[in-house]
Amino acid sequence: MSSLDLSQDAALRWPASLPEPEALGFGLYMAPFAVSATHEAGEGWSKPEVLPRAALGLELASGALQYGLSAFEGAKAYRAPDGTLHLFRPREHIARLRRSAARLCLPDVDEAAVMKMLQRAVEVHRDWVPPAGRGALYLRPTLFACEEGLGLRAASRHRLVVLASPASNPLCAPKRLWAERELIRAADGGLGAAKTAANYAASLFGAQRARRRGFDDALWLDAREHRYLGEAGAANLFVALDDRVLTPALDGSILAGITRDSVIALLREAGHRVEETFISLDDLQGWQQSARLRDVFGVGTAVRLFPVAEITWGEAGVRPPPAALSAWLAHRLAEVQEGVSADWPQWRLAC
């Protein structure tokens, strides 16, 4: 039985099968139920239903499994200090899911319908949402082709499923990145701006190569010149200088992160000048040599925010100094996401 202290929330009945929230990690424990709806060509979407996750089955000859016809999102539900539950920026996650679906020839989804599915997933798993300040319930709405049949084509049958997984708060530990100058994750006109399985599969080999070199992850560069910064692993990257904060421009090969957008808004609220632009490895080196480089950090839904301690390519590299900006920003982002701060109420939707 868990030793979780329930004194601050008597309504919470933490499942005995789960460890303490701080030991959950990310994506290791799957909640038992899923909210599911199906789409038939010419008929539209069915009414969502709650099913045991194990009962969903797997269509081995489906377009999703055989050809990667799937798109997904990663949102979080938090328990506020007063015990109430809320989703963080669900509308933006649904809008991005719809953009990804269009790129992969998947059927469109209705915002209101998906919102109800997300809220239903939280309602069913209320006790799986960690106590305030100790984690979140990660939600994975996944849209995929489930019609069986070999041969690449747009499917006539699809499923939308919302999975749930309780997760610890990220540690925000510094990371060392290897700038990958041979492999590419995405190119202009490709799938880089879509949140799809293929997008992540393309990055795995590079991440493993970076780790074999002793680094934490790969820093992806542009596909043409291998000079310009892209994503840091699966996170969006920010570079703080003495007079402004920069982040790689959304050129079609970079995912438009919801946390990225939140960080830009919070920085500007605090008076920082933020620019979306192209940033080269040479720029980083020059800024460090001129003592203008103040901070480098990555952001994302799963990781929240982590400082970058080192970026290396070949014999060259930079080591950003420890900075107060990323530490302050991680705290500020957490208090807005978790409902500790009343600011930005439009980003939180009650469950």
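The values are calculated or read from the model by the stated rules, or taken from the named source; none is laboratory data. In this text the structure is predicted, and so the values were computed from the model without any measurement. Note that each Cβ is placed from the backbone with ideal geometry, even for glycine, and that neighbours are counted across all protein chains shown. Surface accessibility is based on the protein's heavy atoms, side chains included, excluding ligands, DNA and RNA. Shrake-Rupley method; radii C 1.70, N 1.55, O 1.52, S 1.80 Å.
State log₁₀ I(q)/I(0) for the stretch 174-213 at q = 0.15, 0.16, 0.22, 0.27 Å⁻¹ as given by the Debye formula over alpha-carbon point scatterers of equal weight, solvent excluded.
Summing over Cα pairs of the stretch 174-213 leads to -0.39, -0.44, -0.76, -0.97.
Per residue and in cubic angstrom, what volume does the convex hull of the Cα atoms of the stretch 71-121 have? Before the final figure, lay out each step's value.
On the way: hull volume 3.5 nm³, N = 51.
Hull volume normalised by residue count: 68 Å³.
Throw me the Rg/Rh for the stretch 253-351, computed over C-alpha atoms with Kirkwood Rh, two decimals.
Rg/Rh for the stretch 253-351 comes to 1.01.
Would you please report the Å³ per residue occupied by the convex hull of the alpha carbon atoms in the stretch 4-96?
167
In percent, how large is the relative contact order of the stretch 193-345, given Cα pairs closer than 8 Å and 6 or more residues apart?
Worked out over the stretch 193-345, it gives 19 percent.
Compute log10 of I(q)/I(0) for the chain with the Debye formula, placing one identical point scatterer on every Cα and leaving out solvent, at q = 0.11, 0.12 Å⁻¹, to two decimals.
Each listed q corresponds, in turn, to -0.78, -0.92.
When N counts the residues of the stretch 145-231, how does its alpha-carbon radius of gyration compare numerically with 2.2 N^0.38 Å, as a ratio?
The reported ratio for this selection is 1.41.
Hey, what's the chain come to in accessible area per residue, 1.4 Å probe, Å²?
44
Arrange the peptides 214-222, 70-78 so that the one whose residues have, on average, the most other Cβ atoms within 10 Å appears first.
Taking the mean over residues of other Cβ atoms within 10 Å, the ranking is 70-78, 214-222.
Quick one: putting +1 on the C-beta of Lys and Arg, -1 on the C-beta of Asp and Glu, what dipole do you get for the chain around its Cα centre, in Debye to the nearest 20?
With only Lys, Arg, Asp and Glu charged at Cβ, the dipole is about 260 debye.
Given the convex hull over the Cα atoms of the stretch 184-294, what projected area results after averaging over all orientations, in nm²?
On the way: hull surface 29.1 nm².
Dividing the Cα hull surface by four gives the mean projection, 7.3 nm².
Projected onto the charge dipole of the chain (+1 at Lys/Arg Cβ, -1 at Asp/Glu Cβ, origin at the Cα centre), which of LEU139, ALA64, LEU191 gives the Cα projection farthest towards the positive end?
My answer, from the dipole projection, is ALA64.
Toward the positive end of the charge dipole of the chain, about the Cα centre and with charges on Cβ (Lys, Arg +1; Asp, Glu -1), which of VAL124, TRP14, LEU150 goes farthest?
So the residue furthest toward the plus end is LEU150.
Which lysines have a Cα lying under 20 Å from the Cα of LYS195, excluding residues fewer than 8 positions away in the same chain?
Those lysines meeting the cut-off are LYS76.
What whole number of Å gives the distance from the Cα centroid of the stretch 55-121 to the Cα centroid of the stretch 235-307?
Going from one Cα centre to the other spans 27 Å.
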